[in-house]
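K.L.:
Before anything else, here's the structure in question.
Derivation of every value follows stated rules applied to the coordinates shown; laboratory data play no part. Everything quoted here is computed from the prediction, not taken from an experiment. A quick note on method: Cβ atoms are made from the backbone with ideal geometry, for glycine too, and the neighbour counts reach across all protein chains shown.
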Amino acid sequence: MQSVALSDIQVRAAQPRRSFEPEALEALAESIRQQGVLQPVLLRPVTGGYELIAGERRVRAARLAGLSSVPATVRETPDEEVLLLAALENLQRQDLNPLDEVEATITIAAQHLGVERSEVVPLLHAQRRSPNAAITDRLDRLFMTLGRGSWKSFAANKAGVLKFPDDLLELLRAGTLEYTRAAALARIKSPEQRAQLIARTVQEGLGVREILAASKAPAGEIPTYQRVRSLIDARRIEQLSSKERRRVLTLLTELEQLLGTSGSSSSRS
């Protein structure tokens, strides 16, 4: 391990990880200010300095923290192994999102099987339909090594994330939605209805059952109480004038009293 100047590190355009949450990056930067970079980044020597193989988040946070150098492991690495090493390092992250996991797994499988990345998922589906003993054995051993479940489960469940609409892929990559809710939203064919339910899911925290139930309603048809519920937000109310805030609070008080009275009457009947 050695110390390498951040100015000498070049970041490749095709890094496995593409989304960096600003709040999480700032939190890591603050940790680095206090304790330094605890895990070295992985580099390879290139003309004019070093190329980053793994550890882009640490490099970004170190720059944000004001560091001039980071600890690094420098390894002579041929082009064909760069993506493999980056994908392996990516799979070891604790905050891995489903999309990054699938893409990293496909990169590793492609390298292991000697095929293009675009061929991996079709090959897995073909193996499920008509198994080839030699390929099945290689896949079994590979996925056992990765510790990510079986390749059959990966093909049947996880790989489908690549077909999700772009708006869902962005939320998955940013960590805003987990896989189960994104999968429920991906089943909605109407772009307008899906966008509407995505907004509600993010704002209101809808669960999978609620998403599926709401998706059965005609597009654009949302009950009034749900629309009002989505509008009741402390920050939004604070932006109103004093007169408007008093009116909102009066209406909310009346609503509370009405529903409370109604609930009491129902319990007595």
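K.L.:
Under 30 Å Cα-Cα from Lys158, which lysines qualify once same-chain neighbours fewer than 8 residues away are excluded?
P.N.:
Filter leaves Lys189, Lys216.
K.L.:
What Rg and what Dmax come out for the stretch 2-78 when only alpha-carbon atoms are used, in angstroms?
P.N.:
When restricted to Cα atoms, the stretch 2-78 yields Rg and Dmax of 12.0, 36 Å.
K.L.:
Still on this structure: Roughly speaking, what is the stretch gain from Glu81 to Arg236, that is 0.36 nm per residue apart minus the C-alpha to C-alpha distance, in nm to one decimal?
P.N.:
Extending this stretch completely gives an extra 50.7 nm.
K.L.:
Right, something else. Once you put a point 7 Å from the Cα of Ser3 and another 7 Å from the Cα of Thr47, both along the Cβ direction, what distance in nm separates them?
P.N.:
3.0 nm
K.L.:
Any idea what angle helix 191-204 forms with the longest principal axis of the chain, computed on alpha-carbon atoms, 0 to 90 degrees, nearest 10?
P.N.:
80 degrees
K.L.:
Tell me what the chain gives for mean residue ellipticity at 222 nm when only DSSP H runs of n ≥ 4 count, each as -39,500 (n - 2.57), the sum divided by the residue total, rounded to 500 deg cm²/dmol.
P.N.:
Numbers: 13 runs with 158 residues, N = 269.
Roughly -18500 deg cm²/dmol at 222 nm, from the helical runs in the chain.
K.L.:
For the chain, what proportion of DSSP beta bridges, expressed in % and rounded to the nearest 5, is antiparallel?
P.N.:
Close to 60 percent.
K.L.:
Indicate, rounded to the nearest 5 percent, the antiparallel portion of the DSSP beta bridges found entirely in the stretch 2-78.
P.N.:
60 percent
K.L.:
When you count, for each residue, the other Cβ atoms within 10 Å and take the mean per peptide, how do 24-37, 150-163 rank with the highest first?
P.N.:
So the order, starting with the most tightly packed, is 150-163, 24-37.
K.L.:
Would you mind ranking Arg246, Arg60, Arg200 so that the residue whose beta carbon has the fewest other beta carbons within 10 Å leads the list? It would help to have the intermediate numbers written out before the result.
P.N.:
Values: Arg246 11, Arg60 16, Arg200 19.
Listed from fewest to most nearby Cβ atoms, that is Arg246, Arg60, Arg200.
K.L.:
Further question on the same structure: If you add up the charges near Glu244, with Lys and Arg at +1 and Asp and Glu at -1, over every other residue whose beta carbon is less than 11 angstrom from its beta carbon, what do you get?
P.N.:
Taking every other residue near Glu244 into account, the sum is +4.
K.L.:
Between Arg141 and Arg60, how many nm apart are label points set 7 Å from Cα along the C-beta direction?
P.N.:
About 3.7 nm, to one decimal.
K.L.:
What order, most packed first, do the peptides 68-80, 177-189 have when packing is the mean number of other Cβ atoms within 10 Å of each residue?
P.N.:
Output ranking for 68-80, 177-189: 177-189, 68-80.
K.L.:
Right, here's the next one. Sequence-distant or interchain residues sharing an amide H contact under 5 Å with Gln10, placed H: which?
P.N.:
Tyr50, Glu51, Leu52
K.L.:
Taking Cα atoms, how many degrees apart are the long axis of helix 79-91 and the longest axis of the chain, rounded to 10 and kept between 0 and 90?
P.N.:
It is inclined by approximately 40 degrees.
K.L.:
Now, a different point. Give the long-range amide H neighbours of Ser69: residues separated by 5 or more places, or on another chain, with amide H under 5 Å away, using H modelled in the peptide plane at 1.01 Å from N.
P.N.:
So Ser69 has HN proximity to Leu6.
K.L.:
State the extension gain, in nm to one decimal, for the chain segment bounded by Arg246 and Ala195, taking 0.36 nm per residue of separation less the distance between their alpha-carbons.
P.N.:
This chain segment gains 15.1 nm when fully extended.
K.L.:
By how many degrees, 0 to 90 and rounded to 10, does the Cα axis of helix 22-35 deviate from the longest principal axis of the chain?
P.N.:
That works out to roughly 60 degrees.
K.L.:
Can you give me the relative contact order of the chain as a percent, contacts being Cα pairs under 8 Å and 6 or more apart?
P.N.:
Details: 259 pairs, mean separation 36.0, N = 269.
Reported as a whole number, the value is 13 percent.
K.L.:
If you stretched the chain out fully between Ser31 and Asn132, how much longer would it get, using 0.36 nm times the residue separation minus the C-alpha to C-alpha distance?
P.N.:
31.4 nm
K.L.:
Evaluate E = 1/(1 + (r/R0)^6) for Gln203 and Gln10, where r is the Cβ-Cβ distance and R0 equals 30 Å; express this FRET efficiency to the nearest 0.05.
P.N.:
Numbers: r = 40 Å, r/R0 = 1.34.
The calculated FRET efficiency here is 0.15.
K.L.:
Here is a further query. Quick one: compute a quarter of the convex hull surface over the Cα atoms of the stretch 98-162 and quote it in nm².
P.N.:
3.8 nm²
K.L.:
May I pose another question? List Arg128, Arg236, Arg148 from most exposed to least, where exposure is judged by having the fewest other Cβ atoms within 10 Å.
P.N.:
Taking fewest neighbouring Cβ atoms as first place, the list is Arg236, Arg128, Arg148.
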